[in-house]
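What follows is a set of notes on a single structure, which appears directly below.
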Amino acid sequence: MATDNSGLVTFIDGYMKKMLFADGQILQDFHLNTMQDNFSEAIKIKTTKERYDLLMLLSPYTMYFSEDFTSNTYRDTLSTADRNEYTYSISSGSWISKYQTVPSSYKVNEIYILSNMEETLSLGATVRVSYRTSSSGSYQVASLGVPISFSSARSGFQIKIECLYTSTVRPTVSDFCVMWR
């Protein structure tokens, strides 16, 4: 290991090199960059779960599913949305969740969809949320924050989030949640 005149550490074998990342920080190790990404992802997951945990505790609903866009784990292959890996959000295309089957001891009689998003209605940047209760049925448009009741109990659901825009301004969706009882 050697130091140059600027005091920056360099390694003879070239293993560690200085790297500049999009957030403007200069880091000296690939592992540190991965660690930073893991911290950001963990914070997003934790804050999203805490937000919806609290909302569920204050509601009549018994269970929920949330998507925080930190990975493609719950993403259906038909999704066209590009996931922003820096902000963990989507702003174009459609994000379709995998079909969520509820545990056999529960049945879905009512769902309630929430989302953390930014729309600019005056510029045509909107978000459309829809759902279906079978893996092959057609999607029904849903209003956020309005309970959706079913005439008979369902065993699951699938959610579709579409980011629509007519100008250069795009909507942003940071996460969404479906509560049910």
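Bear in mind that the values in this text are calculations on the coordinates, not laboratory data. All values reported here derive from a predicted model rather than from experimental measurement. For neighbour counting, all protein chains shown are included, and Cβ atoms are generated from backbone atoms with ideal geometry for every residue, glycine included.
With the charge dipole of segment 35-181 set up from +1 on Lys and Arg Cβ and -1 on Asp and Glu Cβ about the Cα centre, the Cα lying farthest toward the positive end among the listed residues Cys163, Gly93, Tyr112 is that of Tyr112. Summarising the amide proton neighbourhood of Arg154: residues at separation of 5 or more, or on other chains, whose placed amide H is nearer than 5 Å comprise Val108, Asn109.
Looking at segment 30-138, which GluC sites (Glu not before Pro) are DSSP coil and have at most 16 other C-beta atoms within 10 Å of their C-beta?
Here the GluC sites (Glu not before Pro) that fit, given the DSSP loop and packing criteria, are Glu85.
Phi angles across segment 114-124 convert, under the Karplus curve 6.51 cos²θ - 1.76 cosθ + 1.60 with θ = phi - 60°, into 3J(HN,Hα) values of 10, 8, 9, 8, 10, 10, 10, 4, 5, 9, x Hz, Gly and Pro given as x. For a quick check of your reading of the filter: which chymotrypsin sites (Phe, Trp or Tyr not before Pro) in segment 34-90 sit in a DSSP loop and have no more than 13 other Cβ atoms within 10 Å? Passing sites in segment 34-90 are Tyr86. Across segment 91-103, coupling constants 3J(HN,Hα) worked out from phi with the 6.51/-1.76/1.60 Karplus curve, θ = phi - 60°, read 9, 8, x, 10, 9, 10, 6, 5, 5, 9, 8, 7, x Hz, and Gly and Pro carry x.
Taking amide H as placed 1.01 Å from N in the peptide plane, Ser79 has its amide H under 5 Å from the amide H of Ile96, each at least 5 places away in sequence or on another chain.
Mean sequence separation of contacting Cα pairs (under 8 Å, at least six apart), scaled by the length of segment 32-181, corresponds to a relative contact order of 32 percent. Fewest neighbouring Cβ atoms within 10 Å first, the residues Ser104, Ser40 line up as Ser104, Ser40.
Would you mind ranking Ile43, Ile96, Ile148 so that the residue whose beta carbon has the fewest other beta carbons within 10 Å leads the list?
Lowest count first: Ile43, Ile148, Ile96.
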